[in-house]
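Accompanying notes for the structure given below.
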Amino acid sequence: MSKFSHVTAWLFDLDDTLYAPETGFSKHMSKVQHQALAGQLNIDMKQVKPYLLALVEKHGGAPFTGLFKENAIDMDLFIEEGFKLDHGMLSECAETVSSLNKLHGGKFIFTNSPKVHAENVLKTLGLSEVFDIQSIFDVTRLDYDSKPLKSSFEKVLIEIGASGESCAMIEDSLPNLKMAKSFGMTTVWVHGEGDKPDYVDYAYTDILTFLKDAAKLS
Ligand SMILES: [Mg+2]
């Protein structure tokens, strides 16, 4: 028996989980998105962040949920403009790919980003074959429901036909892990800073350190 031997389904967050925050890629993504939103909403760049925070406060989940519920923008246009990114900032790590391949059980992506972004990032990381289309639960597939809303977790669990107790969630975001724990999931925090909260079972410096441990022990 090991700490992961009960896990039959692995739910991976995408951004800042499968690649390191130090790549600067998610910061770059925020900037491009904020530019796209400022243009579409006809507001100043400085106003975008407070606007998104207010949406999250009102609707919960990620900004995508609020943008959808408020019918604030042309979502297809935003996805097109806000995800034109410099993928050259990311690179494939052969060890991560082989460690993921060694991991037993179902492997899924659960992300608050849209499908086209998930596909582009996974392709750049050399992970398209590890995570096929059917294994990607993105914000569009979930009808703009998003983490950490309870309903988004319920939808994913129903689709993959798993109980929370049989899943492990691998994430950089603490609110998402807190919700995962409320479903009985094993919670794995990567790229975190500071003390590990009670609802986090295991913390790792990065995804590869976790994968080496999990592949060895599961
Ligand atoms: Mg993340």
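Every number here is computed from the coordinates shown, using simple stated rules; none is lab data. Quantities reported herein were computed from a predicted structural model and do not represent experimental measurements. Ideal geometry is used to build each Cβ from the backbone, glycine not excepted, and the neighbour counts take in all protein chains shown.
The table that follows gives values for the structure above.
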| read-out | value |
| --- | --- |
| Distance violations [Cα-Cα > 18 Å] among Lys107/Lys155; Lys69/Lys147; Lys31/Lys178 | Lys31/Lys178 |
| Within a Gaussian network of the chain (alpha carbon springs, distance under 10 Å), most fluctuating of Asp44, Asp74, Asp195 | Asp195 |
| Built amide H within the under 5 Å cut-off of Ile136, gap 5+ | Ile109 |
| Cα pair distances exceeding 32 angstrom across the chain, given as percent | 15 percent |
| Calculated FRET efficiency for the pair Glu57/Thr209, C-beta based, R₀ 25 Å, to 0.05 | 0.10 |
| Protection proxy ranking, peptides 154-163, 118-127, average beta carbon neighbours within 10 Å, highest first | 118-127, 154-163 |
| Most fluctuating residue given options Gly106, Gly66, Gly39, as computed from a GNM of the chain linking Cα atoms under 10 Å | Gly39 |
| For Met169, Met29, order by how many other beta-carbon atoms lie within 10 Å, fewest first | Met29, Met169 |
| For the chain, built as a Gaussian network whose Cα springs stay under 10 Å, the top-fluctuating residue of Tyr202, Tyr144, Tyr51 | Tyr51 |
| Simple Cβ-charge dipole of segment 1-77, Lys/Arg +1 and Asp/Glu -1, about Cα centre, in debye nearest 20 | 180 debye |
| P(r) histogram, all alpha-carbon pairs of segment 25-82 included - 5 Å bins from 0, percent | 4, 20, 30, 31, 14, 1 |
